[in-house]
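One structure is given below, encoded as structure tokens.
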Amino acid sequence: MERVWERRMTADDLNSRLVRGEQVLWRGVPAQGLMFTSRDALMIPFSAVWLAFAVFWLVMVTRTGAPVFFYLWGAMFVGIGIFFAVGRFVVDAWLRGRTVYAVTDQRVLILRSSPFARFTSLELDRLPELNLVGDGNTKGDIRFGPSVSFFGNRSMAVWMPSLDPTPQLLGIAKPKAVFDLIRDAGQKARARA
């Protein structure tokens, strides 16, 4: 029996979500492994400062013989700092490893397995704002809607692109070709509607 946390998405998982007569035009997966975004230019220095201060706090608490509460308080912030500095990259890569994408003649499909299972289906004839992020030729993102506000968002999406509530195809190969395919398929779907 396969454990939930070891489950990877396959083409069969997406095929089970297709409606009768729907044809797949493109399939893909997000970039695997470590992935940096433009937000990391601010997040990495912030996480380094956070972690350094938390470690400094814990060292000072140890040297002064403070009550146990201060050890626990400092350890909690060191743990958060380690997650900010390293753990978020691991979790984000893990989530992307459980995600598959497809573009059909009717919809854009995004499927992620448990434990953070999510299925997104965007009808091509009603697509929101479409954005191409990156150089477009080698690797990049396609976003369906506006980006998450960096300062106004209180969710983990700021730290991990995989948790961004805006539907997106993250770190895909040849994103301009996929972008053009989605745009053209969307025009055909609107013409049929």
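Quick note: the coordinates plus some simple rules give every number you see, no bench work behind them. Predicted model, so just to flag it, every value in this text is computed and none were measured. Here Cβ is always computed from backbone atoms with ideal geometry, including for glycine, and neighbour counts include all displayed protein chains.
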Region 40-92, Kirkwood Rh and Cα Rg, ratio Rg/Rh at 1.07
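Quick one: if you take sqrt(5λ) for each eigenvalue of the C-alpha gyration tensor of the chain, what semi-axes come out, biggest first, whole angstrom?
Working: eigenvalues 323, 67, 33 Å².
Equivalent-ellipsoid dimensions as semi-axes: 40, 18, 13 Å.
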For the Cα atoms of the chain, what angle does the longest principal axis make with the long axis of helix 68-82, in degrees from 0 to 90, nearest 10?
30 degrees
Taking a spot 7 Å from the Cα of residue 27 along the direction of its beta carbon, which residues of region 95-111 have an amide N less than 14 Å from it?
99-104, 109-111
For the chain, calculated [θ]222 nm from helices alone, where every DSSP H run of n ≥ 4 adds -39500 (n - 2.57)
-12000 deg cm²/dmol
In percent, what relative contact order does region 40-92 have, based on Cα pairs under 8 Å that are 6 or more apart in sequence?
47 percent
